[in-house]
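The values are calculated or read from the model by the stated rules, or taken from the named source; none is laboratory data. Computed from a predicted structure; not experimentally measured. Here the Cβ is made from the backbone with ideal geometry for all residues, glycine too, and neighbour counts use every protein chain on show. For the accessible areas, the whole protein counts, side chains as well, though only heavy atoms, and no ligand, DNA or RNA atoms are used. Shrake-Rupley method; radii C 1.70, N 1.55, O 1.52, S 1.80 Å.
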Amino acid sequence: MNPTPTATLRLAPSILSADFARLGEEVRAIQAAGADLVHFDVMDNHYVPNLTIGPLVCEAIRPHVTIPIDVHLMVEPVDSLIPLFAKAGANLITFHPEASRHVDRTLSLIREHGCKAGLVLNPATSLEWLDHIWSKLDIILLMSVNPGFGGQKFIPATLAKLRTVRQRIEAHRVSGGQDIWLEVDGGVKADNIHEIVMAGADTCVAGSAVFSAPDADGGYRTVMQALRQAAAR
Ligand code: DX5
Ligand code: ZN
């Protein structure tokens, strides 16, 4: 169980649901509204059946915010994009282990480029991927939907997976290991964030939940406050 479930809660709005025609304005708005990270979904129409944004867009939004950019790579292969995203201003880079031939090497490559490194596990992906690389992880991202699209429904089996990973992170820390963030991505809303955080997540991605609110009247701030309040309930 997460020892301090809400004190450290980080919210990472996914710009997949933002207005791409006004992306600079959108990322400034989420930072002003209290976002902790910008979640940046990269899809290649190969690893996932959708096509989104790359390093050029990361570089374009970088001057608009000071909060970290959390790059979620849904691409195959992975390695050649890492230097490009690091140069474009990414702070965290996560990837799906099935999409890399050499997971240990890819994690090292991310850190060598000055970014925090992490693995993303799909709903049906085994936790065994974590077994031999604990010391190389800064973050573990559990998908609570199948990757590729925003606006899908949270898969409840993720809660048990979160509990297991939280226990393993705590065991790793007790035995002298580094701290590892536990992020969840997909279908996070005010009506389920409490159980997600209680299951051990400290970082929550929220795409449609945040960006479906019109920001003209401070809607993003209202949604993020509602998410934090629901998490702390
Ligand atoms: C899905 C993406 C998610 C998505 C989340 O493949 O990785 O980050 O944008 O969107 P919501 O919060 O709408 O499920
Ligand atoms: Zn994502």
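Of the conditions (1) touching a residue at least 24 places away in the same chain (Cβ under 8 Å); (2) more than 16 Å from ligand 1 (Cβ to nearest atom), F85 fails just one. Which one is it?
If we test F85 against (1) touching a residue at least 24 places away in the same chain (Cβ under 8 Å); (2) more than 16 Å from ligand 1 (Cβ to nearest atom), just (2) comes out false.
Working carefully through the options L81, L119, L92, L73, find the one that is over 15 Å from the mean Cα position of the chain (by Cα) and within 24 Å of P13 (Cβ to Cβ).
It is L81.
Failed condition for T8, given (1) within 14 Å of ligand 1 (Cβ to nearest atom); (2) under 21 Å from R228 (Cα atoms); (3) open to solvent by 20 Å² or more (accessible area, probe 1.4 Å), with all others met?
(1)
Name the one entry in A190, A209, A232, A216 that is open to solvent by 40 Å² or more (accessible area, probe 1.4 Å) and either closer than 16 Å to V27 by Cα or within 16 Å of ligand 2 (Cβ to nearest atom) (or both).
Just a single option satisfies the conditions, and that option is A216.
Looking only at the stretch 195-213, decide whether some residue is on the phi > 0 side of the Ramachandran plot and at pLDDT 95 or above.
Checking the stretch 195-213: at least one residue is on the phi > 0 side of the Ramachandran plot and at pLDDT 95 or above.
Taking only the stretch 100-136 into account, find how many residues are surrounded by fewer than 16 Cβ atoms within 10 Å (Cβ to Cβ), under 20 Å from D41 (Cβ atoms) and of a type outside the set (A, V, I, L, M).
So the answer is 1.
Give the stretch 100-129 a look and list any residue that's of a type in the set (A, V, I, L, M, F, W, C) and either in contact with a strand residue (DSSP E or B) (Cβ under 9 Å, 6 or more places away or on another chain) or not in a loop (DSSP other than H, G, I, E, B) (or both), or say none.
Answer for the stretch 100-129, where residues must be of a type in the set (A, V, I, L, M, F, W, C) and either in contact with a strand residue (DSSP E or B) (Cβ under 9 Å, 6 or more places away or on another chain) or not in a loop (DSSP other than H, G, I, E, B) (or both): V103, L107, L109, I110, C115, A117, L119, V120, L121, L127, W129.
Filter the stretch 84-105 down to the residues that are among the aromatic types (F, W, Y) and closer than 16 Å to N122 by Cα and list them by number.
Residue satisfying the conditions is F95 alone.
Filter the stretch 137-147 down to the residues that are away from ligand 2 (no atom under 12 Å from the Cβ) and surrounded by fewer than 19 Cβ atoms within 10 Å (Cβ to Cβ) and list them by number.
D138
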